[in-house]
Amino acid sequence: MVLGVGGGIAAYKICELLRRLTESGHRVRVVPTEAALRFVGEPTWAALSGQPVETGVWDRVHEVPHVRIGQSADLVFVAPATADIMAKAAAGIADDLLTNTLLTARCPVVFAPAMHTEMWEHPATRANVATLRSRGAIVLDPAVGRLTGVDTGRGRLPEPAELFEAARLVLRRGTAEPDLAGRRVLISAGGTREAIDPVRFIGNHSSGRQGYALARTAAARGADVTLVAANVSLPDPAGVSLVRVSSALELAEAMEAERAAADIVVMTAAVADFRPVDSAASKIKKSGAAPAPLELVENPDILAGLVTTREREGTDQTIVGFAAETDDVIANGRAKLARKGCDLLVVNQVGGGRAFGTEDNQATVLGADGTVVDIPTGPKEDLADRVWDLVVERSPGRTP
Ligand SMILES: Cc1cc2nc3c(=O)[nH]c(=O)nc-3n(C[C@H](O)[C@H](O)[C@H](O)COP(=O)(O)O)c2cc1C
């Protein structure tokens, strides 16, 4: 693969990304810009990659590197992608080795931008990002957080471990076509917590791994992803907008705020069916007497609510539900699908160490059209990719 490095302050983080890539067996040709070498020098890239490092088109001309490097790559990953590199790529400028490589590459191309919020939000950058996406490149939205100095905002480069995951997921698909490009995807993940008092809650064992796998794989297929995460302690996926919530009511509110903009909604979060009627303002103490019974009230049914709103508004939004069942898995799944009215219901068996918090998962996907697809046990990202395949089959969507 080609690792294009732009002249942004985050270039130092790319040393770690490079290390992860080479250690996992990838052959990486680093192509920095002149500006990138002001931040991290040529010897660092050459030593870490074990490959020659040039920035211009005039070195080793007999090998025609300005054409060869792009032609022979399986992936071109540009990080940090500066405003300048994206402007040049969008305009088709080819004035150094990296921009030439971008024009000759026919493999997937990923940009991981990093810059100050003002630069990211500038209409010129927005237009360049839209152009690159419309041509099939994956442009990962930058993260929100600390920028170069004391300032914070959107524009931060995602963490190297998550950039590595993004590169790995694009490479494993092995196709240059990001089939979710232009689609806005809303995913809920994790498990809600219903407060009993300031220190105690009613919760569940959902880790959020399946929802996060769906978010990562959707981003690797070019989707614009918003992830509503309830009490998840996993690293933030690269290129995904994250909204953190805790209780079922907060989750419902966040989904309501985001749903109208979404073409596809996937509800993987394990939402509590009930919450305590009252949450004590201060910690409940032992009094010696029998504890007061916990009185519960039903939470709103978020999945059914999303379907009702879709019907009312008459949109063609695709809605996918997840059902965790301990027994009579398929029968309970069918009943739930009929009750909720979503397009696909991914039913998996939980309990006995299955599904919750594990790396692997297995499921049966029930379609509203009567289809049944079994997904064998495998990594949660395999299951996620199968779910996206099924969604794309049902709603091919806009061509980017
Ligand atoms: C300290 C410093 C930090 C910079 N950080 C960024 C950055 O994070 N993102 C960006 O787009 N430009 C950044 N720039 C501006 C770029 O270096 C400048 O636009 C340069 O022309 C980019 O060249 P390149 O795109 O060929 O690498 C920074 C400049 C300096 C001096």
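The values are calculated or read from the model by the stated rules, or taken from the named source; none is laboratory data. Bear in mind the structure is a predicted one, so any value in this text is a computation, not a measurement. Please note: Cβ atoms are built from the backbone with ideal geometry, for glycine as well, and neighbour counts cover all protein chains shown. When the accessible area is computed, the model is the full protein with side chains, heavy atoms only, and any ligands, DNA or RNA have been set aside. Shrake-Rupley method; radii C 1.70, N 1.55, O 1.52, S 1.80 Å.
Based on what the data block shows, is Thr226 modelled with pLDDT of 95 or more, touching an Asp or Glu at 6+ places or on another chain (Cβ under 9 Å), open to solvent by 20 Å² or more (accessible area, probe 1.4 Å) and within 19 Å of Gly239 (Cα to Cα)? Spell out how you get there, then give the answer.
Values: modelled with pLDDT of 95 or more: yes; touching an Asp or Glu at 6+ places or on another chain (Cβ under 9 Å): yes; open to solvent by 20 Å² or more (accessible area, probe 1.4 Å): yes; within 19 Å of Gly239 (Cα to Cα): yes.
Yes, satisfied.
With the requirement that a residue be more than 11 Å from the ligand (Cβ to nearest atom), assigned to a helix (DSSP H, G or I), open to solvent by 10 Å² or more (accessible area, probe 1.4 Å) and at pLDDT 95 or above, what does segment 62-116 give you?
If the condition is that a residue be more than 11 Å from the ligand (Cβ to nearest atom), assigned to a helix (DSSP H, G or I), open to solvent by 10 Å² or more (accessible area, probe 1.4 Å) and at pLDDT 95 or above, then Ala90, Ala91, Asn100, Leu102, Leu103, Thr104 are the ones that fit.
For segment 35-45, indicate whether the set of residues that are of a type outside the set (Val, Ile, Thr), part of a loop (DSSP other than H, G, I, E, B) and over 24 Å from the mean Cα position of the chain (by Cα) is non-empty.
Just the residues of segment 35-45 that are of a type outside the set (Val, Ile, Thr), to begin with: 35-39, 41-43, 45.
Narrowing the set further to residues that are part of a loop (DSSP other than H, G, I, E, B) leaves 41.
Narrowing further to those that are over 24 Å from the mean Cα position of the chain (by Cα): 41.
Yes: one or more hits.
Listed here are the residues, each with its yes/no results for (1) assigned by TED's automatic domain parsing to the domain that holds Val78; (2) assigned to a helix (DSSP H, G or I); (3) in contact with a His (Cβ under 9 Å, 6 or more places away or on another chain); (4) farther than 24 Å from Ala89 by Cβ.
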site: Gly136; (1), (2), (3), (4): yes, no, no, no
site: Gly149; (1), (2), (3), (4): yes, no, no, yes
site: Arg154; (1), (2), (3), (4): yes, no, no, no
site: Pro158; (1), (2), (3), (4): yes, no, no, no
site: Ala166; (1), (2), (3), (4): yes, yes, no, no
site: Leu214; (1), (2), (3), (4): no, yes, no, yes
site: Val225; (1), (2), (3), (4): no, no, no, no
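Is it the case that some residue within segment 12-24 is among the hydrophobic types (A, V, I, L, M, F, W, C), surrounded by 19 or more Cβ atoms within 10 Å (Cβ to Cβ), more than 14 Å from the ligand (Cβ to nearest atom) and modelled with pLDDT under 95? Full working, then the answer.
Quick first cut of segment 12-24, residues among the hydrophobic types (A, V, I, L, M, F, W, C) only: 14-15, 17-18, 21.
Cutting the leftovers down to surrounded by 19 or more Cβ atoms within 10 Å (Cβ to Cβ) gives us 14, 17-18, 21.
Going one step further and asking which of them are more than 14 Å from the ligand (Cβ to nearest atom), we end up with 17-18, 21.
Remaining after also requiring modelled with pLDDT under 95: none.
No: segment 12-24 contains no residue that is among the hydrophobic types (A, V, I, L, M, F, W, C), surrounded by 19 or more Cβ atoms within 10 Å (Cβ to Cβ), more than 14 Å from the ligand (Cβ to nearest atom) and modelled with pLDDT under 95.
Give me the residue from segment 25-41 that is farther than 21 Å from Ala94 by Cβ and surrounded by fewer than 17 Cβ atoms within 10 Å (Cβ to Cβ) and, out of that set, nearest to the ligand (Cβ to nearest atom). So that I can check it myself, show each step before the final result.
Residues of segment 25-41 farther than 21 Å from Ala94 by Cβ: 25-28, 38-41.
Then drop every residue that is not surrounded by fewer than 17 Cβ atoms within 10 Å (Cβ to Cβ), which leaves 25, 27, 38, 41.
Numbers: Gly25: 28, Arg27: 23, Arg38: 8, Gly41: 14 Å.
So the residue we want is Arg38.
Is it fair to say Ala143 is under 20 Å from the mean Cα position of the chain (by Cα) and surrounded by fewer than 17 Cβ atoms within 10 Å (Cβ to Cβ)? Spell out how you get there, then give the answer.
On the way: under 20 Å from the mean Cα position of the chain (by Cα): yes; surrounded by fewer than 17 Cβ atoms within 10 Å (Cβ to Cβ): no.
Answer is no for this residue.
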